1. Could you pull the Cα extents of segment 85-226 along its three principal axes, largest to smallest, in whole Å?
2. On the full set of protein chains, 1.4 Å probe, figure out the accessible area of Met85 and give it in Å² to the nearest 10.
3. Kindly report, to the nearest 10 Å², the accessible surface of Lys32 as traced by a 1.4 Å probe over protein heavy atoms only.
4. With all protein chains present and a 1.4 Å probe, how do Ile5, Ile161, Ile244 order by accessible area, largest first?
5. By DSSP, what percent of the beta bridges with both residues in the chain are antiparallel, rounded to the nearest 5?
6. If you split all Cα-Cα distances of segment 1-66 into 10 Å bins from zero, what percentages do you get per bin, shortest first?
7. For segment 226-307, what is the per residue volume of the convex hull drawn over the alpha-carbon atoms, in cubic angstrom?
8. Round to a whole number: what % of the accessible area of the chain belongs to carbon and sulfur, probe 1.4 Å?
Amino acid sequence: MRRLIPTGDATRPVEFAQDAQPVPAPGEVLVKVEAFAPNRGETFLLETPEPGLMPGKDVAGLVVQAAADGSGPPAGTRVVGHPPMGGWAEYTAVPTHSIAVLPDEINAVQAAALPLAGITALRMLRTAGAVTGRRVLLTGASGGVGHYLTEMAAAAGAEVIAVTATAERGARLRELGAAAIVHDVADADGPFDVVLESTGGSALAAALARLVPGGTLVWFGQASRTPATVNFFDLLAGPENAVIRHFHYAGAPYGPDLATLLRLVAGGRLHAEIGRTADWSQTAEVLIELRERRIRGKAVLTIGASR
């Protein structure tokens, strides 16, 4: 089979290579990949790839070999999956606890846009607790996670104020339920009960200062790639006794959360924000566009059929 492997060359970050089909473990299915979606974190890993790096954590396709231990769906089932690696290939092995069966009304392109960003948003809202009637500040909101967070939090009754770099990127978030869009944390009219922070650098301290006393900041990223500095005494000016929670989405099983996301999409309550769809022969070009933030929403690459 063919798979995409890192090159270490910023001008063409991946290239095709021949490889043997993966041999699934007893609790894994073999999936013929129809579509996959790169994530921004993967673009960082491709800058200085470690030996043996095989990217690809968001896939959708057809089960062609059922799990030997009897878990999971039979061959011929359309699924979305979140394997630990190796999804940018014609075939990939996925643990059965990390897949969900696709309903007929959701195609492979929509499904591939869901796993990492959708699971992150879903689990982060659970971490934040009940948001109904609460004011929520979301930084870095124009990415895939931000779109899902905005739509789900607004649907749950939160007043979401989203921080985006441009008005153009904020327009869709308004449609998804954001109460207001600002382009700098300093312009956000606090205080807020919850801050969901993904930028790092100076944005974290500025967002933290806008919490209510005893409020919670959930720190889930550092897109600026700049460490944050927090002054203890600044918190005494308002958000004293604030809670800062480090958040990382990872932790199997992913299947139940994928099933939840599919149910929301099928019911019209969650929308996969797809900014670019292309054949996987264009993956290198798409990765460069992602790195340079020229794609709004998720990019999805297709391999063969992707109905």
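1. If we take the Cα atoms of segment 85-226, the spans are 48, 32, 31 Å.
2. For Met85, solvent-accessible area is about 100 Å².
3. Here the residue's solvent-accessible area equals roughly 80 Å².
4. Correct descending sequence by accessible area is Ile244, Ile5, Ile161.
5. Close to 50 percent.
6. Over segment 1-66, the share of Cα pairs per 10 Å bin runs 18, 47, 29, 5 percent.
7. Considering the Cα atoms of segment 226-307, their hull volume per residue is 209 Å³.
8. 53 percent
The values are calculated or read from the model by the stated rules, or taken from the named source; none is laboratory data. Since this is a predicted model, take the numbers as computed values, not measurements. FYI the Cβ positions are ideal-geometry reconstructions off the backbone, even for glycines, and counts take in every protein chain you see. SASA here: full protein model, heavy atoms, side chains in, ligands and nucleic acids out. Shrake-Rupley method; radii C 1.70, N 1.55, O 1.52, S 1.80 Å.
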